[in-house]
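Visitor: Got a structure for you, questions after.
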Amino acid sequence: MAVRKMTRRGKMFLFIDLRYRRADGSKGRFRRDAKGQTMAAAREEEKRYLLNIAQHGEPYAPGEAEAGAVPRSGKTFRDVVEEYRATFMVTELKVSSRRGYAALLEGTLLPRFGELAIGKVDGAAAAQLDLELSERGLARATRNNVQVVIRSVLRFAVARKYLRAMPEGMSRLKAVGQSILEIPSDEEVERILAAASERHRVSFALMAYAGLRGRTRCGRYGGGMCGCGGMGRSWAGS
C-alpha cells in the first residue's frame, strides 16, 4: 500500500511511499507526507503521482517539479541546526536527549556539514561520514546515533520547507549487539576504592553498594565524562 499511516513523535500522519521505474529503466522511490491529511485526499494525491509515473516516468510531470519545488532558502546546515536547537530540541526532546544531540551536533555534524547548503547534506554525504567514523573505530551504537541526529535535522528542514522531501539513500541503522556487563568482586571493589582519589571514591562506593548506574553518578562531573566512566569500564584488573 503506497499510502500508509505512520506515527512520529506520538502523532499519527499519512505518508506516501512509491517505488517505481523511471523512463530509463532505473529504480526510483518517492516518499513524502501527504499534503492532505485525510485518507481520501492522500489517495487522490497518490493517484496523481501514479498517473505521472505512468506517463512521464516520474511522480511530477515535466515542469511541475520546478513549479512545486520549495524555493531555494539559502540555508546552510548550521542555519537549520540553530533553528532546530532553538525550537524542536526544546519542545520535543527530553533533557537527556538534548544533551546527547547537542554533543553530536557540536562534536561531529557541525564541523563536518556546518557551512554546506542544507540540500547538500544528502544520503551520500551521510554514508561517507558513516564510513569515516567506522574507519576511526567508532562503535556501531555511536554511528547510529549520528545518523539519527542527521535524519532528525533533515526532517525538521522538510517540515520548515527548506527541503522538499527527505533525501534518498540515507544509511540504514546498524544492528547493535547486546553488551555483557562484568561485575567486579568484593576484593576488586576494595582495591578500586583504595586506589581512587577522594573526589571519586564516594561515586565508586555508591555505584558498588547502592546499585546506581555509572552515568547517573558521573553526571555531576559533566554528563558521564569525569574520567571514571562507571565501575565496569574503569576496572582493568590491576
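Visitor: Being modelled with pLDDT under 95 and β-branched (Val, Ile, Thr) is the filter here, so list the residues in the stretch 149-173 that pass it.
Guide: Once the filter is applied, which keeps residues that are modelled with pLDDT under 95 and β-branched (Val, Ile, Thr), the stretch 149-173 yields only 158.
Visitor: Just need a number here: residues in the stretch 26-43 that are under 22 Å from the mean Cα position of the chain (by Cα) and surrounded by 12 or more Cβ atoms within 10 Å (Cβ to Cβ). Give the steps one after another, and end with the answer.
Guide: Step one: of the stretch 26-43, the residues under 22 Å from the mean Cα position of the chain (by Cα) are 29-33.
Next, from what is left, pick out any that are surrounded by 12 or more Cβ atoms within 10 Å (Cβ to Cβ): 30-33.
Count: 4.
Visitor: Of all residues in the stretch 93-103, which are in contact with a helix residue (DSSP H, G or I) (Cβ under 9 Å, 6 or more places away or on another chain), assigned to a helix (DSSP H, G or I) and farther than 15 Å from residue 154 by Cα?
Guide: 97, 98, 100, 102
Visitor: So, one more: Please go through the stretch 123-143 and give me each residue that is within 29 Å of residue 7 (Cα to Cα) and either surrounded by 17 or more Cβ atoms within 10 Å (Cβ to Cβ) or among the small types (Gly, Ala, Ser) (or both), ordered by number.
Guide: Selection gives 123, 124, 125, 126, 127, 129, 130, 139, 141, 143.
Visitor: Looking at the stretch 23-80 only, could you name the residues that are of a type in the set (Asp, Glu), modelled with pLDDT of 85 or more and not in a helix (DSSP H, G or I)?
Guide: If the condition is that a residue be of a type in the set (Asp, Glu), modelled with pLDDT of 85 or more and not in a helix (DSSP H, G or I), then 58 is the only one that fits.
Visitor: Enumerate the pairs (first residue in the stretch 142-160 and free of Cβ contacts under 8 Å to residues at least 40 places away in the same chain and under 21 Å from residue 132 (Cα atoms); second residue anywhere and assigned to a helix (DSSP H, G or I) and of a type outside the set (Val, Ile, Thr)) with beta-carbon separation below 8 Å, excluding pairs fewer than 6 apart on the same chain, so at least 6 apart or on different chains.
Guide: Between residues of the stretch 142-160 that are free of Cβ contacts under 8 Å to residues at least 40 places away in the same chain and under 21 Å from residue 132 (Cα atoms) and residues that are assigned to a helix (DSSP H, G or I) and of a type outside the set (Val, Ile, Thr), the close pairs are 142/133; 143/130; 143/133; 143/134; 147/126; 147/130.
Visitor: Taking the stated definitions as given, is residue 133 in a loop (DSSP other than H, G, I, E, B) and modelled with pLDDT of 85 or more? If you could, list the steps in order and put the result at the bottom.
Guide: Numbers: in a loop (DSSP other than H, G, I, E, B): no; modelled with pLDDT of 85 or more: yes.
Here the answer is no, as residue 133 does not meet what is asked.
The values are calculated or read from the model by the stated rules, or taken from the named source; none is laboratory data. Given the structure is predicted, the values throughout are model-derived calculations rather than measurements. Please note: Cβ atoms are built from the backbone with ideal geometry, for glycine as well, and neighbour counts cover all protein chains shown.
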